[in-house]
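S.K.: The structure is given below, and queries will be raised subsequently.
The values are calculated or read from the model by the stated rules, or taken from the named source; none is laboratory data. Note that this is a predicted model, so its numbers are computed, not measured. Using ideal geometry, Cβ is built from the backbone for each residue, glycine included, and neighbour counts are taken over all protein chains shown.
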Amino acid sequence: KKKLCTLPGISTWHEFTWPEMGDNAGYICTRSLPGFGPLYKFSPLQLQKITKDYVFEKPNPSSTIHTQPTKTWTAFHSSIQENKKELISQEE
């Protein structure tokens with residue numbers, strides 16, 4: 001198995017896009033926060049240098065349809081005021 005190098009800074013990015021059309025087609029575009037901050041672009045040539053003949057394929061994530069739960073969920077809900085009152089009453 002060939003050793004694959006990584007994109008510099010990849011651990012700080014949380015948004016990745018692989019445009020198929022337009023000026024950025026073929027590039028991997030990424031940024032630190034989704035929809036915010038500068039967009040870093042890696043050209044096919046840059047990717048080829050980094051990957052050393054490793055062929056990147058666009059991921060094809062799978063998803064499932066939305067389902068309805070069969071049982072109701074019970075979740076605890078509290079507010080800061082409720083927590084404050086409880087702490088005060090415990091101290092008294």
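S.K.: Mind listing just one residue for me: the one in the stretch 24-47 that is touching a residue at least 12 places away in the same chain (Cβ under 8 Å) and among the aliphatic types (A, V, I, L, M) and, of those, farthest from Leu7 (Cα to Cα)?
M.R.: Here is the first cut: in the stretch 24-47, the residues touching a residue at least 12 places away in the same chain (Cβ under 8 Å) are 24, 26-35, 40-44, 47.
Next, from what is left, pick out any that are among the aliphatic types (A, V, I, L, M): 28, 33, 47.
Details: Ile28: 10, Leu33: 17, Leu47: 8 Å.
Among those residues, the one meeting the criterion is Leu33.
S.K.: Moving on to the next point. Taking the residues in the stretch 20-37 that are assigned to a loop (DSSP other than H, G, I, E, B) and of a type in the set (A, V, I, L, M) as candidates, determine which candidate is nearest to Gly9 (Cα to Cα).
M.R.: Filtering the stretch 20-37 for residues assigned to a loop (DSSP other than H, G, I, E, B) gives 20-27, 32, 34-35, 37.
Checking which are of a type in the set (A, V, I, L, M) leaves us with 21, 25.
Values: Met21: 25, Ala25: 22 Å.
Among those residues, the one meeting the criterion is Ala25.
S.K.: Further question: How many of the residues making up the stretch 38-69 are assigned to a loop (DSSP other than H, G, I, E, B), under 22 Å from the mean Cα position of the chain (by Cα), modelled with pLDDT under 80 and surrounded by 11 or more Cβ atoms within 10 Å (Cβ to Cβ)?
M.R.: Result for the stretch 38-69: 1.
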